[in-house]
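Taking it in order: structure first as C-alpha cells, then the write-up.
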Amino acid sequence: MEDFLNENTVFPKFHLKRKKRSISLLKSFSIKITNLKSTESFLRCSKSKKQFKMEETIIPRCFSLMKSKENTQKFVALAMLPSILSKAPSRALECWKELDFQWIDRLLKSEEPSDNKTQNISLEYKTLALNILTSFASFPELSQDPNMINRIPSLISILPENNLSFISSVLDLLIVLTESHLGAIKILDYQQAKIIYNCMQMSCDDHEALSEKIINLIKHAFIKSLTYVSGIHHFKLSLIKCVKDIANILEQSKGKKRLIILSFFDDIFSNIKKEFYDVLIKDMKVKKILYNILYTLIKEDQCNTNSTRKITSSLLSSILRLQSVDFILSSASNQEEARTFCVLFTSLASVDIRSILPTIMKKLASKDISDESQRLSTDYEILESMIIYLSNSETIIFQASELLLLQRSFKEAFEESIDFLKDRWENLKKNENSCSKENFSDIFSDLIIVSSVRSLCLWLKEDESLRKYALPIMDIFIYLWKEKNSYNIDYRLWICNGLQGMITTEEGWNNFHDLKFWNIISTDLIKNESEKSDKYFTYIGLSECELLLQAVDKYQKPEENWLNIIKHPKKINKKDNLKAELSIKIIILSLIILKKLGATFLTQHQELLSDHLEISLIWIRFLNSKELDCSWTIPIELKDELLIHLENLRSM
C-alpha cells in the first residue's frame with residue numbers, strides 16, 4: 001500500500017503566492033484527478049491480486065489436497081470448493097475433473113451406527129457430498145456429465161434416510177439430473193426406481209409435499225426418457241414396471257396423496273407420443289391397470305372431489321385420443337361392462353358440460369375461467385371420441401336402450417353448447433362498437449369455443465335432432481371461417497362437417513344460401529388446390545368439395561357464382577393419392593355445374609366444355625390402370641361417377 005502511494009500520489013502545495021493562485025488551483029484539480037485514478041487503479045490492482053492469488057495459489061492448493069490420501073486434507077479441499085466455484089466459475093470443469101468420485105460415493109454411503117453422535121456425523125458426511133454435487137449440478141454441462149449421472153445410484157440409495165429435509169434436497173438434485181436423457185433413464189432403471197417407490201410408499205399422508213416431489217421426479221424422468229424413439233425398447237420393461245408399481249401405490253393411497261399419484265398418470269398420458277403409448281399398451285397388464293384406474297374412478301364419481309373428477313376426465317380423454325374407444329372395448333372384462341362404462345362416462349361428461357357452461361358467462365369479465373375451460377375441453381373430447389366410434393364402427397355393440405341414453409347425453413350437452421355459443425355471439429355483437437380486436441380474438445381462440453364447435457359440428461353431421469336448433473349459430477360459423485388465418489386456429493374442417501348436416505333441412509339450406517356460404521367455400525377450395533401442399537389443407541379441400549357437391553344439387557336454377565369453379569384451371573396430379581382424389585372430385589363438381597348451366601351455356605363455351613371432357617377422360621384412363629393396384633387409396637367408384645356425369649352431359 002505504501003509503495004503504491006509513493007509511486008502514484010502527488011500531494012498539492014497550498015502555500016503558493018497569490019499571483020500563482022490560478023496555476024495552483026489548476027494543479028490542485030489535476031492532483032485530485034490523479035488521486036482518484038490512483039484509487040481506482042489500486043482497487044483494480046487489489047482485485048487482480050486476489051484473483052491472481054485464487055488462480056495461482058488457492059486452486060492449485062485445493063487440487064493438491066484433493067489428491068491426498070488423508071481424509072482430513074480431502075475435507076479441507078471440499079470446504080474450499082464453494083468459494084472457488086463462486087469466484088472462479090470458469091474453472092468449474094477443472095475442479096470437477098479433480099474430484100475423487102469414489103470418495104464422494106463413500107461419503108454418500110456413510111453407515112449409521114446406533115450411536116446418536118455418530119449418526120449425526122454420518123448425516124453431515126452425506127450432506128457435505130450432496131452439497132458438493134448440487135453446486136456442480138448448477139452448471140448445465142456438468143449436470144449431464146457421465147460422472148454426475150453415475151452418482152445417481154448412490155444418491156438414490158440414501159433416500160430411505162430419516163431426515164426429511166435431507167431427502168427433499170436429494171430429490172431436488174435428482175430432478176435436476178432428469179434434464180439429461182441418460183439421467184432420466186438411469187433413474188427409471190428398475191433397481192433404482194424401486195427404492196424411490198418404496199420411499200413414496202413409506203411417506204405417510206402427513207408428508208404430502210414429499211410424495212409430490214417424488215412423483216414429480218418420476219414424472220420428469222418418464223417424460224424425458226420418452227423423447228427418443230430409438231431408445232424406448234431398451235428400457236420399456238422398466239417403464240412397464242414403473243406403471244405397475246405406481247398403480248399399486250395408488251390403490252393404497254388416500255386423500256391428497258392419491259390425487260398427487262393420479263396426476264402422475266394424467267401428466268404422463270397427456271404428454272406421451274403415440275409411438276411410446278403403443279409400446280407401453282402392448283403389455284396387457286399395463287392396459288388393464290389403466291382401465292381399472294379409470295373404471296374405478298368413474299364408478300366412484302359421486303364420491304369424488306372436483307379435483308379428482310377433473311383429473312379423471314383429463315386422463316380418460318388423453319387415452320381415448322391415443323387409442324379411441326377401442327381401449328375400453330379391448331380392456332373391459334366383458335361386452336356388457338364395456339357398454340355400461342361407455343354410457344356412464346358419456347353421461348358424466350354431458351352432466352359436466354350442462355352444469356359448468358351456464359356459469360361461464362358470468363365469469364367472462366373476470367377472465368378467471370382457465371380451470372373450467374380445461375375441464376370442459378376434456379369433456380367435449382370424450383363426447384367426440386364416442387361420436388367418432390358410433391359413426392365409423394361397422395358393428396355397433398350397444399343395445400337400443402343404451403343408444404337412446406347416449407343420444408340423450410349428446411343432445412342435452414350440445415343444446416347447452418348451442419345456447420352458450422348464441423349468448424357469446426350476441427354479447428359480442430351487442431358491444432361491437434366498444435370492442436377491441438382483442439375481444440374478437442378472445443372468442444376465436446377461446447378453448448371452450450374451439451372444443452365445443454369441433455364436437456358439436458361432428459354431431460350435427462351425424463344426427464338430425466339439433467340441426468334446426470343450431471340455425472342461429474350459422475353466422476358464428478361465417479365469422480370463424482373468415483378469420484381462419486388470424487390466430488393459427490382453423491375451424492374450416494369442423495364447420496364443413498356441421499354444414500353438411502344442417503343444409504339437409506330447408507331452413508338450414510336457406511341460411512346457407514342467404515349467408516353466401518357457396519362463395520366463401522368455393523373461393524377457399526380453389527385457393528387450397530392451387531397453393532397448399534400440406535396434407536391437412538388437402539383434407540380441408542376434400543371436405544369443402546363434399547359440401548359443395550351436396551349443396552349444388554339443392555339449387556333450383558343456375559347461379560353466377562358457380563363460374564369460379566368451372567373456369568378454374570384443373571390440375572392433374574397423379575403422384576399424390578390425396579391430391580389426385582381432390583382433383584377428381586373437383587372435376588365431378590364441375591361436370592355437375594356444367595349440366596345445371598344448361599345447353600345454351602355449353603354451346604357458348606365449347607372450349608371450356610372440351611377441356612373438362614378431355615381432363616375427365618385422362619382421369620378415367622388413369623383410374624382404369626389403378627384397379628388392381630392395392631397401394632392406390634382413391635375410391636375406384638370415382639371412375640363410375642365420372643362416367644355417369646359425362647353421359648349426362650352427352651345426353652343434353
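Pairing residues of the range 236-262 that are at positive phi and part of a helix (DSSP H, G or I) with residues that are surrounded by fewer than 21 Cβ atoms within 10 Å (Cβ to Cβ) and modelled with pLDDT under 85, at Cβ distances under 9 Å and at least 6 apart in sequence or on separate chains, gives Gly255/Asp205; Gly255/Glu208.
Can you find even one residue in the range 242-254 that is over 18 Å from the mean Cα position of the chain (by Cα), over 23 Å from Leu226 (Cα atoms) and of a type in the set (Lys, Arg)? The answer is yes, given that some residue of the range 242-254 is over 18 Å from the mean Cα position of the chain (by Cα), over 23 Å from Leu226 (Cα atoms) and of a type in the set (Lys, Arg). Among the residues of the range 119-153, just one is part of a loop (DSSP other than H, G, I, E, B) and hydroxyl-bearing (Ser, Thr, Tyr), namely Ser138. Going through (1) surrounded by fewer than 19 Cβ atoms within 10 Å (Cβ to Cβ); (2) in contact with a Leu (Cβ under 6 Å, 6 or more places away or on another chain) one by one, Lys557 falls short only on (2). Here Leu456 fits the description: surrounded by 22 or more Cβ atoms within 10 Å (Cβ to Cβ) and among the hydrophobic types (A, V, I, L, M, F, W, C). What number goes with the only condition from (1) surrounded by 19 or more Cβ atoms within 10 Å (Cβ to Cβ); (2) at pLDDT 90 or above that Leu623 does not pass? Unmet condition: (2).
Contact annotation: residue pairs with Cβ atoms under 7 Å, 6 or more positions apart or on different chains, pairing a residue in the range 402-414 that is in the same structural domain as Arg467 (by TED's automatic domain parsing) with a partner that is of a type in the set (A, V, I, L, M) and not in a helix (DSSP H, G or I), are Lys411/Leu466; Phe414/Leu466. Of all residues in the range 548-561, those that are assigned by TED's automatic domain parsing to the domain that holds Leu594 and more than 11 Å from Leu597 (Cα to Cα) have Cβ atoms under 9 Å from Cβ atoms of residues that are of a type in the set (Gly, Ala, Ser) and modelled with pLDDT of 85 or more, 6 or more apart or on another chain, in Leu548/Ser522; Asn561/Ser522. Scanning the range 530-554 for residues that are more than 22 Å from Leu460 (Cα to Cα) and among the polar types (S, T, N, Q), we see that the one that is surrounded by the fewest Cβ atoms within 10 Å (Cβ to Cβ) is Ser533. Exactly one residue among Ile572, Ile587 is aliphatic (A, V, I, L, M), at pLDDT 85 or above and outside the structural domain of Thr505 (by TED's automatic domain parsing), and that residue is Ile587. Do the conditions hold for Lys288, that is, is it over 28 Å from Asn392 (Cα atoms) and not assigned by TED's automatic domain parsing to the domain that holds Ile353? Considered against the rule, which asks whether it is over 28 Å from Asn392 (Cα atoms) and not assigned by TED's automatic domain parsing to the domain that holds Ile353, Lys288 comes out as no. Against the test of being part of a helix (DSSP H, G or I), touching a Gly at 6+ places or on another chain (Cβ under 8 Å) and touching a residue at least 12 places away in the same chain (Cβ under 8 Å), the options Ile84, Ile167, Ile185, Ile156 yield a single qualifying residue, Ile185. All of Arg339, Arg354, Arg309 fail the test of being in the same structural domain as Trp459 (by TED's automatic domain parsing) and under 25 Å from Val450 (Cα atoms), apart from Arg354.
Remark: pairs (first residue in the range 516-545, outside the structural domain of Lys579 (by TED's automatic domain parsing); second residue modelled with pLDDT of 95 or more and buried (at least 20 other Cβ atoms within 10 Å of the Cβ); Cβ separation under 6 Å; 6+ apart in sequence or on different chains) are absent.
When the range 303-339 is filtered for residues that are under 27 Å from Asp278 (Cβ atoms) and either of a type in the set (Ser, Thr, Tyr) or in contact with a His (Cβ under 7 Å, 6 or more places away or on another chain) (or both), the ones remaining, listed by number, are Thr312, Ser313, Ser314, Ser317, Ser318, Ser324, Ser330, Ser331, Ser333.
Can you find a residue that is in contact with a Gly (Cβ under 9 Å, 6 or more places away or on another chain), modelled with pLDDT of 90 or more and of a type in the set (A, V, I, L, M, F, W, C) anywhere in the range 494-508? Yes, the range 494-508 has at least one match.
The values are calculated or read from the model by the stated rules, or taken from the named source; none is laboratory data. As the structure is a prediction and not an experimental result, all values here were calculated from the model. A quick note on method: Cβ atoms are made from the backbone with ideal geometry, for glycine too, and the neighbour counts reach across all protein chains shown.
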